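**Q** The structure follows.
The values are calculated or read from the model by the stated rules, or taken from the named source; none is laboratory data. All values reported here derive from a predicted model rather than from experimental measurement. Positions of Cβ are generated from backbone atoms using ideal geometry, with glycine treated the same way; all protein chains shown enter the neighbour counts.
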């Protein structure tokens, strides 16, 4: 959705989708607004509790069946395993996605990794297509006037036009851009010091896996140290996503910086920041037209 500042200010039920890399402030804003006038829709939480729940449980049970004591209890239905995911702790989702590499080092074999990536991609697509329904639920059932959609950092990788079209139709897209070199370095260093499972487009994975083989001298994915590959690939992933975010934000939404987000302390600051982004884009468009 596109607005003038006045149209946004008087928009009775505001719906905002936050777009950007993990660590830029999406969860900070969502957590600050949650439980007040805003319904917090966490894409990753919905993925874990709805679309990956059975996959995660199957993975846990498969591991438990390798333990003779637990195997007997499971087969007799004497114990119950459940997936305990929280909005601020998505460990089971990360465990399912896994890291590519040597299984002896905690990695996932290439064929299985590609399979899980495809499952996760579809789960994220399904979770985003549910946003209009949850906007309605948030108002009709829970009585929240406003809605904030906290999407995963991989939204720009999905290559599914229907997702973007759906989000554009039902919400204002707010892209949080990293313009500060120090902030960019912090995000990269954080990802490298504590590598997390990531989603990769199939084309990106194939291309960078080959690059990694050439640089490391390895021949097979089963030889890869999972954490080492995750550390190596993250800067490439970070920079490859920037033009993809911008391709969504420039024509369909608005852009703010991570520095601006860090200064937001309350709902009033958040709304003021969005108005600033709308006004800034309007001025930039006028300047561009004036130069033609």
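**Q** Is it true that some residue in the stretch 42-65 is in contact with a strand residue (DSSP E or B) (Cβ under 9 Å, 6 or more places away or on another chain), farther than 30 Å from residue 212 by Cα and in a strand (DSSP E or B)?
**A** Within the stretch 42-65, one or more residues are in contact with a strand residue (DSSP E or B) (Cβ under 9 Å, 6 or more places away or on another chain), farther than 30 Å from residue 212 by Cα and in a strand (DSSP E or B).
**Q** Still on this model: Name the single residue that is surrounded by the fewest Cβ atoms within 10 Å (Cβ to Cβ) among those in the stretch 148-165 being farther than 18 Å from residue 18 by Cβ and in contact with a helix residue (DSSP H, G or I) (Cβ under 8 Å, 6 or more places away or on another chain).
**A** Taking the candidates together, the pick is 162.
**Q** Suppose the filter is surrounded by 13 or more Cβ atoms within 10 Å (Cβ to Cβ), more than 21 Å from residue 157 (Cα to Cα), at pLDDT 95 or above and out of contact with any helix residue (DSSP H, G or I) (no Cβ under 7 Å at 6 or more places or on another chain); does residue 262 pass it? Full working, then the answer.
**A** Values: surrounded by 13 or more Cβ atoms within 10 Å (Cβ to Cβ): yes; more than 21 Å from residue 157 (Cα to Cα): yes; at pLDDT 95 or above: no; out of contact with any helix residue (DSSP H, G or I) (no Cβ under 7 Å at 6 or more places or on another chain): yes.
Criteria not met by residue 262.
**Q** Which of the residues spanning the stretch 91-106 are in a helix (DSSP H, G or I), touching a residue at least 40 places away in the same chain (Cβ under 8 Å) and more than 19 Å from the chain's Cα centre (by Cα)? Please lay out each step first, then the result.
**A** Residues of the stretch 91-106 in a helix (DSSP H, G or I): 91-97, 103-105.
Then drop every residue that is not touching a residue at least 40 places away in the same chain (Cβ under 8 Å), which leaves 92-97, 103, 105.
Selection gives 103, 105.
**Q** Which numbered condition in (1) under 24 Å from residue 7 (Cβ atoms); (2) surrounded by 19 or more Cβ atoms within 10 Å (Cβ to Cβ) is the only one that residue 145 fails?
**A** Residue 145 satisfies every listed condition except (2).
**Q** Among the residues of the stretch 23-36, which ones are touching a helix residue (DSSP H, G or I) at 6+ places or on another chain (Cβ under 8 Å) and surrounded by 14 or more Cβ atoms within 10 Å (Cβ to Cβ)?
**A** If we filter the stretch 23-36 for residues that are touching a helix residue (DSSP H, G or I) at 6+ places or on another chain (Cβ under 8 Å), which is where we start, we get 23-25, 28-29, 32-33, 36.
Across the stretch 23-36, the qualifying residues are 23, 24, 25, 28, 29, 32, 33.
**Q** Then there's this: Take residue 221 and decide whether it is touching a helix residue (DSSP H, G or I) at 6+ places or on another chain (Cβ under 7 Å), over 16 Å from residue 154 (Cβ atoms) and surrounded by 14 or more Cβ atoms within 10 Å (Cβ to Cβ).
**A** yes
**Q** Still on this structure, please answer the following. Here are some residues: 135, 125. Which one is within 28 Å of residue 161 (Cβ to Cβ), modelled with pLDDT of 95 or more, assigned to a helix (DSSP H, G or I) and more than 18 Å from the chain's Cα centre (by Cα)?
**A** Values: 125 fails: more than 18 Å from the chain's Cα centre (by Cα).
Checking each option against the conditions leaves just 135.
**Q** Identify the single condition in (1) in a helix (DSSP H, G or I); (2) in contact with a helix residue (DSSP H, G or I) (Cβ under 8 Å, 6 or more places away or on another chain); (3) modelled with pLDDT of 95 or more that residue 234 does not satisfy, given that it satisfies every other one.
**A** (3)
**Q** Give the residues of the stretch 61-72 that are surrounded by 13 or more Cβ atoms within 10 Å (Cβ to Cβ) and modelled with pLDDT of 85 or more, sorted by residue number.
**A** Within the stretch 61-72, 65, 70, 71 qualify.
**Q** A further question on this structure: Here's a check for you: in the stretch 185-205, which residue that is part of a loop (DSSP other than H, G, I, E, B), touching a helix residue (DSSP H, G or I) at 6+ places or on another chain (Cβ under 7 Å) and farther than 16 Å from residue 155 by Cα is modelled with the highest pLDDT? Talk me through it step by step, then tell me what you get.
**A** Of the residues in the stretch 185-205, the ones part of a loop (DSSP other than H, G, I, E, B) are 194-201.
Then keep just the ones that are touching a helix residue (DSSP H, G or I) at 6+ places or on another chain (Cβ under 7 Å); that gives 195-201.
Next, from what is left, pick out any that are farther than 16 Å from residue 155 by Cα: 195-196.
On the way: 195: 61, 196: 68.
The qualifying residue modelled with the highest pLDDT is 196.
**Q** Next question, about the same structure. When you look at residue 48, is it over 21 Å from residue 137 (Cα atoms), surrounded by 17 or more Cβ atoms within 10 Å (Cβ to Cβ) and in contact (Cβ under 8 Å) with a residue 24 or more places away in the chain, yes or no?
**A** Values: over 21 Å from residue 137 (Cα atoms): no; surrounded by 17 or more Cβ atoms within 10 Å (Cβ to Cβ): yes; in contact (Cβ under 8 Å) with a residue 24 or more places away in the chain: yes.
So residue 48 does not fit the description; no.
**Q** Looking at (1) in contact with a strand residue (DSSP E or B) (Cβ under 8 Å, 6 or more places away or on another chain); (2) assigned to a helix (DSSP H, G or I); (3) surrounded by fewer than 17 Cβ atoms within 10 Å (Cβ to Cβ), which is the only condition residue 13 fails?
**A** (2)
**Q** List every residue pair whose Cβ atoms lie under 6 Å apart, where the two residues are 6 or more positions apart in sequence or sit on different chains, the first residue falls within the stretch 220-231 and is touching a residue at least 12 places away in the same chain (Cβ under 8 Å), and the second residue, located anywhere, is in a helix (DSSP H, G or I) and surrounded by fewer than 17 Cβ atoms within 10 Å (Cβ to Cβ).
**A** 221/110; 225/105; 226/105; 231/192
**Q** Against the conditions (1) surrounded by 13 or more Cβ atoms within 10 Å (Cβ to Cβ); (2) over 19 Å from the mean Cα position of the chain (by Cα), where does residue 78 fall short? Just the number, please.
**A** Going through (1) surrounded by 13 or more Cβ atoms within 10 Å (Cβ to Cβ); (2) over 19 Å from the mean Cα position of the chain (by Cα) one by one, residue 78 breaks only (1).
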